[in-house]
Amino acid sequence: MPLTANYPSRRGLLKGAAGGCAALIAAPYLLRHAAAQAWPGGDPFSLGVAAGAPRPDGFVLWTRLAPDPLSNNPATPGGMRGGDVTIGYEIATDPSLHHIVRRGEAIAEQIFAYSVHLDVAGLDPGRPYWYRFTSGDASSRIGRAVTVPQPGSALGRLKLGFVSCSNYEHGYFSAYRHLAEENPDFVLFLGDYIYEYIEERRPTVRRHSDGIEASTLPTYRNRHAQYKLDLDLQSLHAEAPALVTWDDHEVQDDYADKWSKFFDDPSHFLVRRAAAYRAFYEHMPVRPIMSQPEGPLMRIYDRFAFGDLVEISMIDGRQYRSREACYAPPNLESNASCPERNDPGRTMLGFAQEAWLYSNLSRSKAHWNVIAQDVLMAQLGIKQDDGYGFSTDDWDGYPADRSRILKRIHDSRASNPVVIGGDTHAYFANDLRLDFDDPAAPVVATEFVGTSISSYGPPYELIARALPENPHIRFFDSRRRGYVVIDLVPAHMQVDMRVVSDAADPKADISTLKAFAVEGGRPGVVEA
Ligand code: FE
Ligand code: CA
C-alpha cells in the first residue's frame, strides 16, 4: 500500500466538511489571537504553506507572512514591519481539522523576511497529518504533511513525484497542478525552482514582475514571492510535502561554488550567493537548524529514509563544486580543447559531501537507494571537428569525480541505486555504466532525468542525432514539458514520464509520454 493509502484523501473529505471548518474557527485559542491582530492590509498567508524535512516523529512546516507579497522595499519585506510575529498553528489527523492533535505558537522571524520554519516533533510515524497557520482574523489554507515510518520498518509502497526547472516567463505551471492531483506521498524539487534572469532573447508567456535580474536580497525575495503566488505551485505544496535541493538558477546561470558564470571576483559573487541562499531558505520548508544560512554557506544536502523501502540522498551539486573547466558558453569542450576537464582533483560534490554520500550508501539496508541531484549524470558526447564535445556544466564537466562515484556505488553493494536529476529540460532514461566508453562495462545504476515544468528545451535534433554514439542513453526527448511519477514497491520501480499538452496554456491537459521500470536486483532501464 502507498504510505498514506490507509487514510482518506484530502479532496474526498473536504467536499462535505465546510461546516466543520466554520465550527473550528470559534475555538477559544483562535479568538485570543483574533483580538491580537487584524489584517486589513492583505492576506498574510498569500504565499501559501509547505511541509518538508520529514522524520518518523515530525516534519518542518513553512509559511511566510506577506500581506503585500511583491513589495521589495528592504525595510518592509512582503509589506511587514516591526519585530518577530507570533502566529498560531494547528495539526490534525484529518483533512478538515476535526481531530486536532497539536496547537501552538510559531515564530515568523523578522531576520528571515517573516518566514516560519516550525520544526514539529512528537507525532506518530508513517502517517499523514493536516495543518494550517492562523493569525488574528486570517488563516492559511490547509496543507498536508507526512511523517516517515520508523527506520527499518516495513513499507510496502511509496509514490514520489520529481520536478525541476519552472521558468515563470516560459509558461504556466499546469504540470505542478497535475502532479498535485495525483496525490504523491512526497515531491522532490531538483532545482531551478526560480529563475534569476529576465528572458531577453526568446518569446515569453508571462513576465517576472520586477523586470530585472535578481541579484540582491530584495530582488531574490521578490522572485521567490512571485513564484509562490502561483496557485498551481501553491496547491502542489499544500498537497504533498517537499524534499528540496537547488541547481544554478536559484543564484545565477551555471555558477560553481564561488565562481560566477564569468568568474567575476569571488568575493563579490559570494555576497550575491549569500543573498540568494538566504531568500531560498526564507521560502522553503527546510530544517531551521541545519539549513539556516550563515553568510554564503547553507547546508541543504540531506538524507531521508522511508522505512526499509528506500533511502534518498538529496545532493547539493552547486555549492562545493570546482570551477567549471574551460567555461565558454555554449560550452561543448573536447578532450583536445580542454584537458582540464579530466583532472581527478576536480569535484562536483566537494569531498565532504562525497564522503557523506559513500557512508549513506554503504550503511543503507533499504531495498532502493535514490540519489536525487541537479544535473545529467550520464555521458553525452556530441561529435565535433576535434572529437566529442561535452557540456562542462553537468557531470560531463567532472568525469573523474563521476567515475569515482560510480565505482563507489558499485563497491558499496547498496541495493538498487537509482539517480534522478533535472537541469537539461529534457527526458532521459540511462544505463549508468562503470565505463561509458565501453558498451560491455557493467551497469551500476539507473538514471532518470525529468524534463522541465515550463523552461524551454534544448534543440531536439542536435541531441537525437548523437544518441547512436551514446548507447547507454536509452531514451531522450526534449520537446515536451512535465514531471515524473515514481511508484515504488520492494521489487519494482515504475517511472512514468508525464507531459502537459502546452505549457503556454494555463489549463493544459496531462498525458503519459513514456513509462519505464527498474526491476529489483537488475540495474538498467526496462521498458514498462
Ligand atoms: Fe533549468
Ligand atoms: Ca540548471
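The values are calculated or read from the model by the stated rules, or taken from the named source; none is laboratory data. Quantities reported herein were computed from a predicted structural model and do not represent experimental measurements. As a convention, Cβ positions derive from the backbone with ideal geometry for all residues, glycine included, and neighbour counts pool all protein chains shown. All accessible areas refer to the heavy atoms of the entire protein, side chains included, with ligands and DNA or RNA removed. Shrake-Rupley method; radii C 1.70, N 1.55, O 1.52, S 1.80 Å.
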Does residue 238 satisfy the criteria of being open to solvent by less than 30 Å² (accessible area, probe 1.4 Å), among the hydrophobic types (A, V, I, L, M, F, W, C) and away from ligand 1 (no atom under 16 Å from the Cβ)? yes
Residue list for region 52-79, restricted to those being in a strand (DSSP E or B) and under 30 Å from residue 307 (Cα atoms): 52, 53, 54, 55, 58, 59, 60, 61, 62, 63
Answer from 257, 232, 248, 253 - the residue that is surrounded by fewer than 23 Cβ atoms within 10 Å (Cβ to Cβ), over 13 Å from residue 324 (Cβ atoms) and not small (Gly, Ala, Ser): 232
Those residues that are aliphatic (A, V, I, L, M) and in a loop (DSSP other than H, G, I, E, B), I need them from region 369-387; list them, please. 375, 376, 377, 378, 380
Residue in region 231-239 that is under 11 Å from residue 193 (Cβ atoms), within 16 Å of ligand 2 (Cβ to nearest atom) and out of contact with any His (no Cβ under 6 Å at 6 or more places or on another chain) present: no
Answer with yes or no whether residue 457 is within 16 Å of ligand 1 (Cβ to nearest atom), of a type outside the set (A, V, I, L, M) and open to solvent by less than 10 Å² (accessible area, probe 1.4 Å). no
Residue ID - nearest to residue 442 (Cα to Cα), chosen from residues in region 388-418 that are hydroxyl-bearing (Ser, Thr, Tyr) and outside any loop (DSSP other than H, G, I, E, B): 403
Considering every residue within region 266-289, establish whether at least one is within 16 Å of ligand 1 (Cβ to nearest atom) and assigned to a strand (DSSP E or B). no
So which residues in region 164-193 are out of contact with any helix residue (DSSP H, G or I) (no Cβ under 9 Å at 6 or more places or on another chain) and small (Gly, Ala, Ser)? 164, 171, 191
Taking the conditions exactly as written (closer than 29 Å to residue 334 by Cα, within 16 Å of ligand 1 (Cβ to nearest atom), open to solvent by 20 Å² or more (accessible area, probe 1.4 Å) and out of contact with any strand residue (DSSP E or B) (no Cβ under 6 Å at 6 or more places or on another chain)), does residue 391 satisfy them or not? yes
Checking 161, 156 in turn, the sole residue that is in contact with a helix residue (DSSP H, G or I) (Cβ under 7 Å, 6 or more places away or on another chain) and more than 16 Å from ligand 1 (Cβ to nearest atom) turns out to be 161
Failed condition for residue 376, given (1) within 16 Å of ligand 2 (Cβ to nearest atom); (2) buried (at least 24 other Cβ atoms within 10 Å of the Cβ); (3) within 19 Å of the chain's Cα centre (by Cα), with all others met? (2)
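Looking only at region 423-455, which residues are touching an Asp or Glu at 6+ places or on another chain (Cβ under 6 Å) and within 16 Å of ligand 2 (Cβ to nearest atom)?
If the condition is that a residue be touching an Asp or Glu at 6+ places or on another chain (Cβ under 6 Å) and within 16 Å of ligand 2 (Cβ to nearest atom), then 423, 427 are the ones that fit.
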Quick check on this structure: which one of 75, 27, 23, 36 is open to solvent by 10 Å² or more (accessible area, probe 1.4 Å), modelled with pLDDT of 60 or more and over 29 Å from residue 244 (Cβ atoms)? 36
Look through 140, 174 and report the one residue that is more than 16 Å from ligand 1 (Cβ to nearest atom), over 16 Å from the mean Cα position of the chain (by Cα), crowded, with 22+ Cβ neighbours inside 10 Å and under 24 Å from residue 501 (Cα atoms). 174
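Rundown of residues vs (1) at pLDDT 95 or above; (2) among the hydroxyl-bearing types (Ser, Thr, Tyr), yes/no style:
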| residue | (1), (2) |
| --- | --- |
| 248 | yes, no |
| 273 | yes, no |
| 298 | yes, no |
| 301 | yes, yes |
| 305 | yes, no |
| 311 | yes, no |
| 320 | yes, yes |
| 336 | no, no |
Please enumerate the residues belonging to region 301-322 that are open to solvent by 10 Å² or more (accessible area, probe 1.4 Å) and either within 13 Å of residue 278 (Cα to Cα) or of a type in the set (A, V, I, L, M, F, W, C) (or both). 304, 305
Out of 425, 410, 367, sole residue that is within 18 Å of the chain's Cα centre (by Cα) and either open to solvent by 20 Å² or more (accessible area, probe 1.4 Å) or among the hydroxyl-bearing types (Ser, Thr, Tyr) (or both): 425
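Identify all residues within region 397-407 that are crowded, with 22+ Cβ neighbours inside 10 Å and free of Cβ contacts under 8 Å to residues at least 40 places away in the same chain; write none if there are none. It would help to see each step written out before you state the result.
Residues of region 397-407 crowded, with 22+ Cβ neighbours inside 10 Å: 397-398, 401, 405-406.
Answer for region 397-407, where residues must be crowded, with 22+ Cβ neighbours inside 10 Å and free of Cβ contacts under 8 Å to residues at least 40 places away in the same chain: just 406.
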Residue by residue through region 146-171, note down the ones that are over 22 Å from residue 308 (Cβ atoms), of a type outside the set (Ser, Thr, Tyr) and either under 16 Å from the mean Cα position of the chain (by Cα) or at pLDDT below 95 (or both). 163, 165, 167
Output for region 191-207, where each listed residue is more than 15 Å from ligand 1 (Cβ to nearest atom) and surrounded by 15 or more Cβ atoms within 10 Å (Cβ to Cβ): 204, 205, 206
Any strands (runs of 3 or more DSSP E) falling wholly within region 469-528 and containing at least 1 residues that are open to solvent by less than 30 Å² (accessible area, probe 1.4 Å) and over 20 Å from residue 433 (Cβ atoms): 473-477, 482-489, 492-500, 510-519
